[in-house]
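Heads up, the thing below is written out as structure tokens.
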Amino acid sequence: MIAVNSLRLRLLAGAVIWILLALAVAGTLLAALFRAHVERRLEAELAIQLEQIAAALERPGTGPVVLTHQLNDPRFRKPYSGFYWQVDDAQGAIFRSRSLWDVALRLPPDTSPDGAVHRHRISGPEGQRLIALERTVTLADAPGAYRVAAAMDETELTAAAAAFTRTLALSLGVLAVALVAAVAIQVQVGLKPLHRLRAGVAAIHEGRAKRLEGRFPTETQPLVEDLNALLQRNEEIVARGRTQAGNLAHGLKTPLSILANEVDRLASDGATQLSAAMRGQIATMRQQIDYHLARARAAASLDVPGARVPVAPSVAAIQRTLARLYADRELQFEIEISPDHVFRGERQDLDEMLGNLMDNACKWARRRIAATSRRDDGRLTISIEDDGPGLRREQQDHALAPGARFDETVPGTGLGLAIVRDLVTLYNGSIELGSSDLGGLRAELTLPAG
């Protein structure tokens, strides 16, 4: 289906309108020219017949004027055939064609020089409209003047014009269809580069390409070059932002490490109460730095064109890392991630979210951790489950808050789930906590699919 604001629809509609208007005007002019041509031909034929009738008028001796011969055209002998001739003198009709039968043509009053042909429209024997040519003839040996007229039914002209108009309309209709088809093909071919451009942009958006490849027409090549330059600039800005975030983290954590060493020295000098307070503040500062740097990095990389990450390799890499980290607990990983499932976003963000969820599952699991995925309506859902103690319903609602911890004996900052929540929100996704079939916690992550 073509959208109302489609460029193709506008081009086709404009072309169809102009084609129809042009053919309508051309058809009207051609029909008028044909009718005029046929009318001239018929009048030329009547003029010849008029001359033949005039040439047949004679006055032998001192007697009345006679018609030496009749016209050979059989149409003048068939009653009411639509073709008629007549000769009038001062008293009225003296000769007429057999086709008039017992009716005389009523010529309008007219005076004209000898030999000049006049054209009239008069009524016929049965009330039909006739085209009549008449001229005044004088004979050298006869007094007075004679009006010679030849007429034909206008229906003959109308029928010929109507037949031509029907044929013309059919021909122009076929021509219109052919022209519209040609325009449609031309529009399709002409807009093909724009289709390539749209497909290229879609591929970049879905992560299947980083740039618009190939040559485009002169009219669109500057747009392609500008878009590629914009994509390059965007990548550079994101990379610079990540580098700056890393530099900021390094610049802040190094002084914090020095402060932590100084706090340890204070503790060894006996200032245990002061060192404990400072150590707590330093830990809080580290947590906040990690938390806000993760948010800043995700915000900088959000909706980067071309970002597209397979989920299975990321889960496998995180699994290998966690298996080594928790090797003493002999955890069992049950991974069922389809190789076709792709996340439309940045790899570091996906690793951050999955790493926090899987690490959290490893901390609380007794033995089993499961990871599954499914895709539905452009959304990708990844579930991480464990067989640990799980969380009560009121704890599940509070667990996503920054710094939330339910067991101080388990190592961690309490920011992992909060970071996941913020990252998934930036991607217009969601995270839900619930009870797992394994007996522990189930974290269900919904993200845009690539």
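Coordinate-derived values only; no laboratory data. Just so we're clear, the structure is a prediction, and the values are computed from it rather than from any experiment. Cβ coordinates were reconstructed from backbone atoms using ideal geometry, including for glycine residues, and neighbour counts include every protein chain displayed.
Once the dipole of the chain is set up with Lys and Arg at +1 and Asp and Glu at -1 on Cβ about the Cα centre, which of ALA31, ALA169, MET285 lies farthest towards its positive end?
Farthest towards the positive pole: MET285.
Based on the mean of other Cβ atoms within 10 Å per residue, sort peptides 23-29, 309-315, 86-92 so the most packed one is first. List each step's numbers first, then the result.
On the way: 23-29: 13.4, 309-315: 19.3, 86-92: 15.1.
Packing order, densest peptide first, comes out as 309-315, 86-92, 23-29.
Pull up the cross-link candidates among the aspartates and glutamates for LYS78, meaning alpha carbon to alpha carbon under 16 Å and not fewer than 8 places away within one chain.
Leaving aside aspartates and glutamates fewer than 8 places away in the same chain, those within reach of LYS78 are ASP102, GLU126, ASP153, GLU156.
Report, for region 324-397, the % of DSSP beta bridges that are antiparallel, rounded to 5.
Antiparallel bridges make up about 60 percent of those DSSP assigns within region 324-397.
Reachable aspartates and glutamates from LYS192, Cα under 17 Å, same-chain residues fewer than 8 places away excluded?
Cα-Cα hits under 17 Å: GLU213, GLU219.
Please report, in debye to the nearest 20, how large the charge dipole of the chain is about its Cα centre when each Lys and Arg carries +1 at its beta carbon and each Asp and Glu carries -1 there.
With Lys and Arg at +1 and Asp and Glu at -1, about 380 debye.
Could you tell me which of VAL424, PHE343, ALA90 has its Cα farthest along the dipole of the chain towards the positive end, charges placed at Cβ (Lys, Arg +1; Asp, Glu -1), taken about the Cα centre?
PHE343
Using a Förster radius of 60 Å, what is the FRET efficiency between TRP18 and ALA116 based on their Cβ-Cβ separation? Nearest 0.05, please. Show your work: numbers first, answer last.
Working: r = 47 Å, r/R0 = 0.79.
That pair, TRP18 with ALA116, gives E of 0.80.
Quick one: compute the contact order of region 309-448, relative version, from alpha carbon pairs under 8 angstrom and 6+ residues apart, as a percent. Mind dumping the intermediate values first?
Numbers: 263 pairs, mean separation 34.2, N = 140.
Here the relative contact order equals 24 percent.
Going 7 Å from the Cα of ALA26 toward and past its Cβ, which residues in region 160-204 have a backbone nitrogen under 18 Å from where you end up?
164-186
Using θ = phi - 60° and the Karplus curve 6.51 cos²θ - 1.76 cosθ + 1.60, what whole-Hz ³J(HN,Hα) does each residue of region 78-83 get, with Gly and Pro shown as x?
8, x, 6, 6, x, 10
Calculate one ³J(HN,Hα) per residue across region 169-182 by plugging θ = phi - 60° into the Karplus curve 6.51 cos²θ - 1.76 cosθ + 1.60, and present them in order as whole Hz with x for glycine and proline.
4, 5, 5, 5, x, 4, 4, 4, 4, 5, 5, 5, 4, 5
Mind computing the radius of gyration and Dmax over the alpha-carbon atoms of region 1-94? Å is fine for both.
Both quantities, over Cα of region 1-94: 27.6, 91 Å.
Give the percent of DSSP beta bridges with both residues in the chain that are antiparallel, rounded to the nearest 5.
DSSP beta bridges in the chain are roughly 90 percent antiparallel.
In units of 2.2 N^0.38 Å, what is the alpha-carbon radius of gyration of region 309-448?
0.97
For region 58-154, would you read off the P(r) tail past 21 Å as a percentage of all alpha carbon pairs?
On the way: 1465 of 4656 pairs.
Cα-Cα pairs in region 58-154 separated by more than 21 Å: 31 percent.
For the chain, calculate the relative contact order in percent as a whole number, restricting contacts to Cα pairs under 8 Å that are 6 or more residues apart. Don't skip to the answer; put the middle values down first.
On the way: 631 pairs, mean separation 44.9, N = 450.
Once normalised by length, the contact order is 10 percent.
Report ³J(HN,Hα) in whole Hz for each residue of region 424-429, in order, from the Karplus equation J = 6.51 cos²θ - 1.76 cosθ + 1.60 where θ = phi - 60°; Gly and Pro get x.
Once θ is set to phi - 60°, the couplings for region 424-429 become 5, 5, 4, 8, 6, x Hz.
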